[in-house]
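Undergrad: The structure's right below; bear with me while I get my questions together.
The values are calculated or read from the model by the stated rules, or taken from the named source; none is laboratory data. It should be emphasised that the depicted structure is a prediction, and the values quoted were computed from it without experimental measurement. Using ideal geometry, Cβ is built from the backbone for each residue, glycine included, and neighbour counts are taken over all protein chains shown. The area values use the complete protein model at the heavy-atom level, side chains included, leaving out ligands, DNA and RNA. Shrake-Rupley method; radii C 1.70, N 1.55, O 1.52, S 1.80 Å.
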Number of protein chains: 2
Amino acid sequence: MPHAIHAAYARPMARRSRRLCDLGETALIERIERRVGGPPRGGWVVGIGDDAAILRGRAGEDLVFSTDTLVEDVHFRLAREGPRRIGRRALAVNLSDLAAMGATPVGALLSLCAPPDLPVSVFDGFIAGFAEDAKRFACPLVGGNLARAEKCILSVTVIGRVGHGRALRRTGLAVGDFLFVTGVLGQAALARLTADRLGRPLRHVPEPRLEAGRRIARLRDVKACIDLSDGLSSDLGQLLRPVRLAAEVDPTALPAAPGFSRACRRMGIGPRRLHSTGGEDYELLFALAPGRAAADPAGLARRLGVRVTRIGRVVSGQGVDGIPALTAGHHF
Amino acid sequence: MPHAIHAAYARPMARRSRRLCDLGETALIERIERRVGGPPRGGWVVGIGDDAAILRGRAGEDLVFSTDTLVEDVHFRLAREGPRRIGRRALAVNLSDLAAMGATPVGALLSLCAPPDLPVSVFDGFIAGFAEDAKRFACPLVGGNLARAEKCILSVTVIGRVGHGRALRRTGLAVGDFLFVTGVLGQAALARLTADRLGRPLRHVPEPRLEAGRRIARLRDVKACIDLSDGLSSDLGQLLRPVRLAAEVDPTALPAAPGFSRACRRMGIGPRRLHSTGGEDYELLFALAPGRAAADPAGLARRLGVRVTRIGRVVSGQGVDGIPALTAGHHF
């Protein structure tokens, strides 16, 4: 490669210009939003910034779209997790975005990058895992792309449908709203850390909360919803920042699997930090206005068909009180 | 990483199992189709295997979906092409798939992987180029994902719309159909080779044939359409293989830009091979049943608003006669 051209690319580096890691994910997304400019026209209700984009449909139904990527040695290690589980997870993290919108899966596209010397058995494993959960969640693989790359990268786009104007959004929090989470927190992070430290295979695959999401979308008092991918602390911040509000979270109320604290201590990890910042829970965090549903968590759990825990409430101010803050680990 | 786990992944390699490069892209896609099993249900008209997937809409309109990925050092070199052009190209190659369906863009999602130490100016360049063409082709960026990776990877999904049942398909060729291409061939490959050999920046960005695609879809005699990404020889094979037919192509009829042969000879390249196997033309290849439109290429060009050339016809047999065969360079 001739020097003249290399220099053109190298120059900004030589000037110690800013790098992606200096800005972080949120600032980079804001940069994209500024460049793209305002909400998209042409039938789009929501563009960049929510769990998924929403396209206004014509027959009582909206379509939602989301995309998420798993990168080898960043989001997974082939040797630790096995290709089948990675294929399942690539779809599951996308379906979780549909769950957070209260949407039902329609189909998925898979863009798979892989090195040419990858054993076909690993490729088959990716596809088998993906196909298995595609069938289980009625989200057929309808298209995709294969490309050569040095590492395996699974980039998935999912399409979902939801009643006209019924999609759950990230916006809408108000002071006094109560915060709830489905399922338990910290278990995925504990499984990952345990697998790392003990050198065991990682068997955890997140379960997208599609049915719970659909039922949350039908609650009259629902104000906002997001899926927990980066950890409660970080994802709650995503709900609070746009409306410039804060939250008080009761750390002793966070739902845990039986034996969670004991297992954390055995690993020499602080359970509280892992609980709220570990990430990859793929549970739903949602807010309800004060009222009958919010006052009766047991009744709410019955209606949603999953464990539901009230973890705190929205207050004025800034930040999240009660749980540790986090810098997300998988980003820039 | 402990040996027990590494061994699980390494074992198939030790047995000299087949690798992706032993099978090639077409065989791998067939493997996916077999695993996924049959056409998808739930409103899907076309799944894997065409330029895009088609979802039956409810109000006189179908939606089409396609995804395509550009990988650093496989599909582009940052130093040679510059981030802005790469951003434009990432969208253009996807819009070309919509053109091949006769569809109109609705929106796009961008999954961008990049190393954390990438200068923000390069990131901004990707986004600026993408946004520029998104505006030009009325295809707003509505969502996406950012992830860390060792190389830059731009994975794009586009959504398009087309009249109910009017999408151009790859299937439908019959003996006697005439074959046409839009624009000129080989120019993109020549530009790439010239940039490579002389160490000059690559300035070529493909122009998706969206308007021509829409007009081709309105032709009464149209039988099949595909966009030329891998080169005429390879992409024509994609149309012929499923229907087990062959084609006779007149190599002297292939449309070239002025000075193409001379420029090839100056570079010491055979123009004929480059012409039909160079790839990245992103022109449309389509077939018309014999009739008035097929008999009048000049009138056809006026109707489609682009240069159109009749290059040959469909015959019984197997393979493509008249132009060199190709093994695509960017795949496995």
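Undergrad: Return the total of residues in segment B:9-40 being open to solvent by 60 Å² or more (accessible area, probe 1.4 Å), more than 7 Å from chain A (Cβ to nearest Cβ) and modelled with pLDDT under 80.
TA: The total comes to 5.
Undergrad: Let me ask something additional. Please verify whether B:Ala99 is at pLDDT 95 or above, more than 7 Å from chain A (Cβ to nearest Cβ) and part of a strand (DSSP E or B), treating the condition exactly as stated.
TA: Working: at pLDDT 95 or above: yes; more than 7 Å from chain A (Cβ to nearest Cβ): yes; part of a strand (DSSP E or B): no.
No: the conditions fail for B:Ala99.
Undergrad: Then there's this: Within segment A:134-152, is there a residue that is over 29 Å from B:Val45 (Cα atoms) and more than 10 Å from every other protein chain (Cβ to nearest Cβ)?
TA: yes
Undergrad: Being closer than 30 Å to B:Ala90 by Cβ, crowded, with 17+ Cβ neighbours inside 10 Å and under 19 Å from the mean Cα position of the chain (by Cα) is the requirement here; does B:Leu304 meet it? Steps first, please.
TA: On the way: closer than 30 Å to B:Ala90 by Cβ: yes; crowded, with 17+ Cβ neighbours inside 10 Å: yes; under 19 Å from the mean Cα position of the chain (by Cα): no.
Answer is no for this residue.
Undergrad: Could you please give the count of residues in segment A:77-87 that are surrounded by fewer than 24 Cβ atoms within 10 Å (Cβ to Cβ), in contact (Cβ under 8 Å) with a residue 60 or more places away in the chain and more than 10 Å from chain B (Cβ to nearest Cβ)?
TA: Summing the residues that are surrounded by fewer than 24 Cβ atoms within 10 Å (Cβ to Cβ), in contact (Cβ under 8 Å) with a residue 60 or more places away in the chain and more than 10 Å from chain B (Cβ to nearest Cβ) in segment A:77-87 gives 1.
Undergrad: With respect to the numbered conditions (1) open to solvent by 10 Å² or more (accessible area, probe 1.4 Å); (2) in a strand (DSSP E or B), which one is the sole condition not fulfilled by B:Arg169?
TA: With (1) open to solvent by 10 Å² or more (accessible area, probe 1.4 Å); (2) in a strand (DSSP E or B) applied to B:Arg169, the lone miss is (2).
Undergrad: Hey, another quick one. Quick check on segment A:265-275. Is at least one of its residues closer than 20 Å to A:Ala99 by Cβ and open to solvent by less than 30 Å² (accessible area, probe 1.4 Å)?
TA: Step one: of segment A:265-275, the residues closer than 20 Å to A:Ala99 by Cβ are none.
Checked against the condition, which is being closer than 20 Å to A:Ala99 by Cβ and open to solvent by less than 30 Å² (accessible area, probe 1.4 Å), segment A:265-275 yields no hits at all.
Undergrad: Ok, one more. Tell me whether segment B:245-260 contains one or more residues that are open to solvent by 20 Å² or more (accessible area, probe 1.4 Å) and under 23 Å from B:Ala27 (Cα atoms).
TA: Within segment B:245-260 (the criterion being open to solvent by 20 Å² or more (accessible area, probe 1.4 Å) and under 23 Å from B:Ala27 (Cα atoms)), the answer is yes, since at least one residue qualifies.
Undergrad: Here's a follow-up. Does segment A:245-259 contain any residue that is among the hydroxyl-bearing types (Ser, Thr, Tyr) and away from chain B (no Cβ under 14 Å)? Break it down into steps so the answer makes sense when it comes.
TA: Taking segment A:245-259 first, the residues among the hydroxyl-bearing types (Ser, Thr, Tyr) are A:252.
Filter again for away from chain B (no Cβ under 14 Å), leaving A:252.
Yes, that holds for at least one residue.
Undergrad: If you scan segment A:86-111, which residues turn out to be of a type in the set (A, V, I, L, M) and within 14 Å of the chain's Cα centre (by Cα)?
TA: Restricting attention to segment A:86-111, the residues satisfying the condition of being of a type in the set (A, V, I, L, M) are A:86, A:90-93, A:95, A:98-101, A:103, A:106, A:108-110.
Within segment A:86-111, A:Ala90, A:Leu91, A:Ala92, A:Val93, A:Leu95, A:Leu98, A:Ala99, A:Ala100, A:Met101 meet the criteria.
Undergrad: If you go through segment B:139-148, how many residues are assigned to a loop (DSSP other than H, G, I, E, B) and open to solvent by 10 Å² or more (accessible area, probe 1.4 Å)? Walk me through it before giving the result.
TA: Keep residues of segment B:139-148 that are assigned to a loop (DSSP other than H, G, I, E, B), which gives B:139-140.
Retained after the next criterion (residues that are open to solvent by 10 Å² or more (accessible area, probe 1.4 Å)): B:140.
So the answer is 1.
Undergrad: Given (1) surrounded by fewer than 20 Cβ atoms within 10 Å (Cβ to Cβ); (2) in contact (Cβ under 8 Å) with a residue 40 or more places away in the chain, identify the lone condition not met by A:Ile216.
TA: Every condition holds for A:Ile216 apart from (1).
Undergrad: Mind counting the residues in segment A:46-72 that are assigned to a strand (DSSP E or B), within 8 Å of chain B (Cβ to nearest Cβ) and open to solvent by 20 Å² or more (accessible area, probe 1.4 Å)?
TA: Residues in segment A:46-72 being assigned to a strand (DSSP E or B), within 8 Å of chain B (Cβ to nearest Cβ) and open to solvent by 20 Å² or more (accessible area, probe 1.4 Å): 3 in total.
Undergrad: Take B:Arg136 and decide whether it is open to solvent by 10 Å² or more (accessible area, probe 1.4 Å) and either closer than 19 Å to B:Pro206 by Cα or at pLDDT 95 or above (or both). Full working, then the answer.
TA: Working: open to solvent by 10 Å² or more (accessible area, probe 1.4 Å): yes; either closer than 19 Å to B:Pro206 by Cα or at pLDDT 95 or above (or both): yes.
Considered against the rule, which asks whether it is open to solvent by 10 Å² or more (accessible area, probe 1.4 Å) and either closer than 19 Å to B:Pro206 by Cα or at pLDDT 95 or above (or both), B:Arg136 comes out as yes.
Undergrad: Could you list, in sequence order, the residues of segment B:181-223 that are farther than 27 Å from B:Arg136 by Cα and either away from every other protein chain (no Cβ under 14 Å) or under 15 Å from the mean Cα position of the chain (by Cα) (or both)?
TA: Once the filter is applied, which keeps residues that are farther than 27 Å from B:Arg136 by Cα and either away from every other protein chain (no Cβ under 14 Å) or under 15 Å from the mean Cα position of the chain (by Cα) (or both), segment B:181-223 yields B:Leu193, B:Arg220, B:Asp221, B:Val222, B:Lys223.
Undergrad: A further question follows. Checking the structure you have, find out if any residue of segment B:114-132 is more than 7 Å from chain A (Cβ to nearest Cβ), in a loop (DSSP other than H, G, I, E, B) and at pLDDT below 95.
TA: Taking every residue of segment B:114-132 in turn, none turns out to be more than 7 Å from chain A (Cβ to nearest Cβ), in a loop (DSSP other than H, G, I, E, B) and at pLDDT below 95.
Undergrad: A further question on this structure: How about segment A:127-151: which of its residues are within 22 Å of the chain's Cα centre (by Cα) and within 16 Å of B:Arg31 (Cβ to Cβ)? So that I can check it myself, show each step before the final result.
TA: From segment A:127-151, those within 22 Å of the chain's Cα centre (by Cα) are A:127, A:129-141, A:144; that's our starting set.
A:Ile127, A:Gly129, A:Phe130, A:Ala131, A:Glu132, A:Ala134, A:Leu141, A:Gly144 - these are the residues of segment A:127-151 that are within 22 Å of the chain's Cα centre (by Cα) and within 16 Å of B:Arg31 (Cβ to Cβ).
Undergrad: Give the residues of segment A:118-142 that are closer than 21 Å to A:Val64 by Cα and not aliphatic (A, V, I, L, M), sorted by residue number.
TA: A:Phe130, A:Asp133, A:Lys135, A:Arg136, A:Phe137, A:Cys139, A:Pro140
Undergrad: Another question, if that's okay. Might you let me know whether segment B:181-190 holds any residue that is part of a strand (DSSP E or B), within 30 Å of B:Ala247 (Cα to Cα) and not charged (D, E, K, R)?
TA: Yes, segment B:181-190 has at least one match.
Undergrad: Still on this structure, I have one more. The conditions are (1) within 13 Å of chain B (Cβ to nearest Cβ); (2) of a type in the set (Val, Ile, Thr); (3) open to solvent by 10 Å² or more (accessible area, probe 1.4 Å), and A:Val175 fails exactly one of them. Which is it?
TA: A:Val175 satisfies every listed condition except (1).
Undergrad: Test B:Arg197 against the stated conditions and say whether it is at negative phi, of a type outside the set (A, V, I, L, M), buried (at least 19 other Cβ atoms within 10 Å of the Cβ) and not in a strand (DSSP E or B). Step through it out loud before you land on a result.
TA: Working: at negative phi: yes; of a type outside the set (A, V, I, L, M): yes; buried (at least 19 other Cβ atoms within 10 Å of the Cβ): no; not in a strand (DSSP E or B): yes.
For B:Arg197, the condition - at negative phi, of a type outside the set (A, V, I, L, M), buried (at least 19 other Cβ atoms within 10 Å of the Cβ) and not in a strand (DSSP E or B) - is not met.
Undergrad: What are the pairs, 6+ residues apart or on separate chains, where a residue within segment A:32-48 that is of a type in the set (Phe, Trp, Tyr) has its Cβ under 9 Å from a residue that is surrounded by 19 or more Cβ atoms within 10 Å (Cβ to Cβ)?
TA: So the pair list comes out as A:Trp44/A:Ala53; A:Trp44/A:Ile54; A:Trp44/A:Leu55; A:Trp44/B:Val106; A:Trp44/B:Gly107; A:Trp44/B:Pro140; A:Trp44/B:Val142.
Undergrad: Can you tell me which of B:Gly43, B:Gly107 is buried (at least 22 other Cβ atoms within 10 Å of the Cβ), farther than 25 Å from B:Glu25 by Cβ and at the interface with another protein chain (Cβ under 9 Å from one of its Cβ atoms)?
TA: Working: B:Gly43 fails: buried (at least 22 other Cβ atoms within 10 Å of the Cβ).
Just a single option satisfies the conditions, and that option is B:Gly107.
Undergrad: If I ask for residues that are outside any strand (DSSP E or B) and open to solvent by 10 Å² or more (accessible area, probe 1.4 Å), which ones from segment B:150-166 would you list? Spell out how you get there, then give the answer.
TA: Taking segment B:150-166 and keeping what is outside any strand (DSSP E or B), we get B:150-152, B:164-166.
B:Glu150, B:Lys151, B:His164, B:Gly165, B:Arg166, listed by residue number.
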